[in-house]
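Working notes, beginning with the structure itself.
The values are calculated or read from the model by the stated rules, or taken from the named source; none is laboratory data. Given the structure is predicted, the values throughout are model-derived calculations rather than measurements. All Cβ positions, even for glycine, are placed from backbone atoms using ideal geometry, and neighbour counts span all protein chains on display.
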Amino acid sequence: MTPRGAAAGGSRLPRAVQDCLPAAGPGFRAALKKDPGAFPALISRLLSEAAEVLGCGQEEALFLTGFGRGDPTPGRLEAALAELSAVLFLRSEGFSRIRPLERAAWPTADVLAERGALTWAFEVRWVRDAGAAGAPKRLAAKCRRKSAQVGTSLKRSSALRGGVVLVFGLPAPGPFSRSPELDAAAGAARSLAGLSGQVCLVSGSSAGFSPPWPAGGA
């Protein structure tokens, strides 16, 4: 890690995240510089809680997302953390046995999870611009592109239902509060995309989804 990163609070980040700072985008770096005390604590809690849900160590949790340790692509770190944020969101919505889907030669969803009697497959997508949650047409296009990967997983795994989780801006560990605005945006995007699966939107500690989860998980 560079001295500049350490001066901005990087030394307070979890070790696994420190090692991956070259893959952090400008938003992550700006947040670290703005609040070098609270922001690393937030990221530490995100990594710690996700690792607990996934039943592994913190470093393993980060790389279970498919993020390669040596990947220097700006924003790739946030995309990996967004997947962990989605894991915590699913837990808050009553899902259990949440686990990353094994990477294959073909594009698949990212996460399998169980709710009631059903197994679900979810594709997670990080969206850099937090304000994009208010643009249904853009969301519909993103959901439509990612739904094909969910469909592949439904054919090749034990999942019976599927959905897309879009995580906006900087990922957060929750707790998540239900947002009527995000509910409406999820419903609009789902309708415009012509999808039958679930659309979930997570922005910081706020979340919304459409349609409602099946009663009793059936």
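When the residues of segment 89-145 are filtered to those that are part of a strand (DSSP E or B) and of a type in the set (Asp, Glu), the one that is surrounded by the most Cβ atoms within 10 Å (Cβ to Cβ) is Glu123.
Residue check: Arg45 meets all listed conditions (1) more than 22 Å from Gln198 (Cβ to Cβ); (2) buried (at least 16 other Cβ atoms within 10 Å of the Cβ); (3) in contact (Cβ under 8 Å) with a residue 60 or more places away in the chain but one, namely (2). Please verify whether Leu88 is touching a residue at least 40 places away in the same chain (Cβ under 8 Å), of a type outside the set (Asp, Glu) and within 19 Å of Leu54 (Cα to Cα), treating the condition exactly as stated. When the stated conditions are applied, Leu88 passes them. Scanning segment 14-30 for residues that are within 23 Å of Asp129 (Cα to Cα) and over 18 Å from the mean Cα position of the chain (by Cα) yields Leu21, Pro22, Pro26, Arg29, Ala30. Evaluating Ala30 against the criteria (1) free of Cβ contacts under 8 Å to residues at least 12 places away in the same chain; (2) assigned to a loop (DSSP other than H, G, I, E, B); (3) not aromatic (Phe, Trp, Tyr) leaves one unmet condition, (2). Checked against the criterion of being among the basic types (Lys, Arg) and farther than 25 Å from Ala80 by Cβ, the candidates Arg138, Arg190 yield just one match: Arg190. The listed residues are Asp19, Asp71, and the only one of them that is more than 27 Å from Ser177 (Cα to Cα), touching a helix residue (DSSP H, G or I) at 6+ places or on another chain (Cβ under 7 Å) and either surrounded by 15 or more Cβ atoms within 10 Å (Cβ to Cβ) or not basic (Lys, Arg) (or both) turns out to be Asp71. Scanning segment 51-88 for residues that are in a loop (DSSP other than H, G, I, E, B) and more than 23 Å from Arg128 (Cβ to Cβ) yields a count of 3. Among the residues of segment 154-163, are any in a strand (DSSP E or B) and surrounded by fewer than 20 Cβ atoms within 10 Å (Cβ to Cβ)? Yes, there is a match, as at least one residue in segment 154-163 is in a strand (DSSP E or B) and surrounded by fewer than 20 Cβ atoms within 10 Å (Cβ to Cβ).
Taken together, Ser191, Ser196 contain a single residue that is within 20 Å of Pro211 (Cα to Cα) and either assigned to a helix (DSSP H, G or I) or at pLDDT 95 or above (or both), which is Ser191.
Of all residues assigned to segment 85-106, none qualifies as being more than 22 Å from Ser177 (Cα to Cα) and touching a Phe, Trp or Tyr at 6+ places or on another chain (Cβ under 7 Å). The set of residues in segment 73-103 being in contact with an Asp or Glu (Cβ under 8 Å, 6 or more places away or on another chain) and at pLDDT below 95 consists of Pro100, Leu101.
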